[in-house]
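In what follows, a structure is listed as structure tokens, so that the remarks can point back to it.
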Amino acid sequence: MRNLIVFLLLLANPAFGQEPVEHPLPATSTTLEPAPSSPPRIDLQPDASGTVPQEQIRELLRRAAEKDLENEKRQHDYTYIQRQEEHKLDGHGKVKKIESKTSEVLVIYGEQVERLIAKDDKPLFEGVAKKEEERIQKITDKRKNESDSDRRKRLEKEEKNREESRKFVLDVADAYNFRLVGNDLLDRRETWVLDAEPRPGYEPKSREAKMLPKLRGRIWIDKADLQWMKFDVTTIDTISFGLFLARIHKATRIMVEATRVNEEVWLPKHVAVHVDVRLALLKNYNEDVEQTYRDYKKFRTDTKITVVGETP
């Protein structure tokens, strides 16, 4: 669930929509207590009003967070293709321009890196492609020659992010009243469908959690794997960052879907966002953005680097 908040933060980043840079994909993992080897089955039991008791929600989110931890680790065993299409809108909501970019997500010494391979579904010009290869080579050299000290700092930062994620999961359980609205079939899998409404009187315990009362949504959770399959989230109030340097306006909508790959891991499938963001009170981003993920390919887990141009 935390990846939705990370995505909102990315939308508020002035670099949004520029060329891809070196970065791991948004982490959705947590470091929670290990689950028992054979945890009891969860069967949500709402009360007469349809509200699911908090203890059931907490346990369900805890299990889902453990699944996210597994997914994050196993995602680093895969390369894939990511395509982003942007529909830029005018002041009347009409499409004035459509742009797309396609990237291959590589794994370089344990880090996921995007390599741009097409713009507007056309191969890159020779000069652009050369610069992209040079950028990837720089990243490869940097990771190859990383000192023990730098590696330790990087791993410590990752662990700190996981600890923040752990706290965030508990914040989510406290921030909303969850109501079981039914069951649904997604990709021929049985899911619970839960509506999340901000809880009156909720007091955020962390910086990220401050935006939770400004979101509402619906979540689909796979009954067998206790894995979230789909989110549909809408902002119900303006979200500001950095003393109003960026604002995400009311009615911004985010939909995220995941899919099961190789019967072992859940990975991103589709992201759709209506973006209504104002940066530095000067520049507005009003557009529909859609990301799709395909061609997941697993390589050897002991492989440290995927070399550009070679088959993993």
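The values are calculated or read from the model by the stated rules, or taken from the named source; none is laboratory data. What you are looking at is a predicted structure, and each value in this text was computed from that prediction instead of being measured. Ideal geometry is used to build each Cβ from the backbone, glycine not excepted, and the neighbour counts take in all protein chains shown.
Say whether the condition of being in contact with a helix residue (DSSP H, G or I) (Cβ under 6 Å, 6 or more places away or on another chain), among the charged types (D, E, K, R) and in a loop (DSSP other than H, G, I, E, B) is met by at least one residue in the range 216-224.
no
If Thr28 passes every condition in (1) surrounded by 18 or more Cβ atoms within 10 Å (Cβ to Cβ); (2) farther than 30 Å from Glu114 by Cβ; (3) modelled with pLDDT under 75 but one, which one does it miss?
Condition (2) is where Thr28 drops out.
For the subset of the range 119-137 comprising residues that are among the hydrophobic types (A, V, I, L, M, F, W, C) and closer than 17 Å to Ile81 by Cβ, which member is surrounded by the fewest Cβ atoms within 10 Å (Cβ to Cβ)?
For the range 119-137, the residue satisfying everything is Ala129.
What strands (runs of 3 or more DSSP E), lying completely within the range 93-199, carry at least 2 residues that are touching a strand residue (DSSP E or B) at 6+ places or on another chain (Cβ under 8 Å), touching a residue at least 60 places away in the same chain (Cβ under 8 Å) and more than 30 Å from Pro213 (Cβ to Cβ)?
It comes to 95-108, 111-119.
Just the residues that are over 18 Å from Asn262 (Cα atoms), in a strand (DSSP E or B) and touching a Leu at 6+ places or on another chain (Cβ under 8 Å), please, taken from the range 66-92.
Residues satisfying the conditions do not exist here.
Taking Leu212 as the residue in question, decide whether it is under 18 Å from the mean Cα position of the chain (by Cα), within 22 Å of Lys73 (Cβ to Cβ), of a type in the set (A, V, I, L, M, F, W, C) and buried (at least 18 other Cβ atoms within 10 Å of the Cβ).
no
Can you find a residue that is touching an Asp or Glu at 6+ places or on another chain (Cβ under 9 Å), among the hydrophobic types (A, V, I, L, M, F, W, C) and modelled with pLDDT under 75 anywhere in the range 240-251?
Taking every residue of the range 240-251 in turn, none turns out to be touching an Asp or Glu at 6+ places or on another chain (Cβ under 9 Å), among the hydrophobic types (A, V, I, L, M, F, W, C) and modelled with pLDDT under 75.
Please pick out the residue among Arg63, Arg41 that is of a type outside the set (Asp, Glu), outside any strand (DSSP E or B) and at pLDDT below 80.
Arg41
Within the range 76-98, how many residues are under 18 Å from the mean Cα position of the chain (by Cα) and among the charged types (D, E, K, R)?
4
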